[in-house]
Amino acid sequence: MRISEKVAEVINQQIHHELTASYTYLGMAAYFDAEGLGGFANWFRSHSEEENAHAMRLYEYLAARGVKMGFQALEAPKTDYESAVDVVKAALAHEQKVTDQIKAMFDVVMDAREYTAQPMLHWFLNEQIEEEELFSSVLDQVEAATSRFDLLQLDKELGQRAPSSGASEE
Ligand code: FEO
């Protein structure tokens, strides 16, 4: 089924945003690996993979509708942060930005009356609700860690939580 050009464009743009999120989390994983916090690093790596899976979901949606996609260069992600709190705060802010991008995508889809795209967008919005809650709860935990010992405990816990395959919530 064909979709309007405007809708195809905004979904194509969202692929870029999801890949940017993936790259951003990979940068965060690199920070934690360099800090000797492998549990945090694995957790962020799995989120990086999850964002990549989000991009692929959009890619498949457009490919199935015969849309010729185009891509832009990705900006190098940051790998230097002040602290674990700084990273998780930035990650939560990033998720909030993605939520706004998805809402903007929804606006375009509604304006174009592209009803067939709505189930997928609902899936993405639900995913954002889960992810914002998750990052926000990890932020609470990192903020409560007042010593290196606390941080190492949390690192161990997050390492156990990180799915080995990454896109487990797919
Ligand atoms: Fe796919 Fe967490 O945004």
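The values are calculated or read from the model by the stated rules, or taken from the named source; none is laboratory data. Note that the structure is a prediction, hence the values are computed from the model and not measured. Ideal geometry is used to build each Cβ from the backbone, glycine not excepted, and the neighbour counts take in all protein chains shown. Areas reflect the complete protein model, heavy atoms only, side chains present, ligands, DNA and RNA absent. Shrake-Rupley method; radii C 1.70, N 1.55, O 1.52, S 1.80 Å.
Values computed for the structure shown
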read-out	value
In degrees, nearest ten, helix 118-144 long axis to first principal axis of the chain (Cα)	10 degrees
Principal axis box of the chain, alpha-carbon based, largest edge first, Å	56, 27, 26
Solution diffusion estimate, µm²/s, Stokes-Einstein, region 13-97, Kirkwood Rh from C-alpha pairs, 4 °C, viscosity 1.567 mPa s	96 µm²/s
The chain, helix-only ellipticity at 222 nm - DSSP H runs n ≥ 4, -39,500 (n - 2.57), divided by all residues, nearest 500	-26500 deg cm²/dmol
Sequence-distant lysines (8 or more away, or on other chains) whose Cα lies within less than 29 Å of Lys89	Lys78, Lys97, Lys103, Lys156
Proximal charge balance of Ala144 [Cβ under 13 Å; K/R count +1, D/E count -1]	-4
Label-to-label distance, nm, for residues given as Ala34 and Glu130 (7 Å Cα→Cβ offset)	3.2 nm
Residues with amide H under 5 Å from that of Ala112, placed H, sequence gap 5 or more	none
Label-to-label distance, nm, for residues given as Ala144 and Ala112 (7 Å Cα→Cβ offset)	4.4 nm
With DNA, RNA and ligands ignored, accessible area of Ile129 (1.4 Å probe; Å², nearest 10)	100 Å²
Rounded to the nearest 10 Å², the accessible area of Asp33 at probe 1.4 Å	80 Å²
Accessible area per residue in Å² at 1.4 Å probe, computed on the chain	53 Å²
Qualifying lysines (Cα of each under 21 Å from Cα of Lys68; at least 8 residues distant if same chain)	Lys6
Cβ-derived FRET efficiency at R0 22 Å, Trp123 paired with Met1, nearest 0.05	0.80
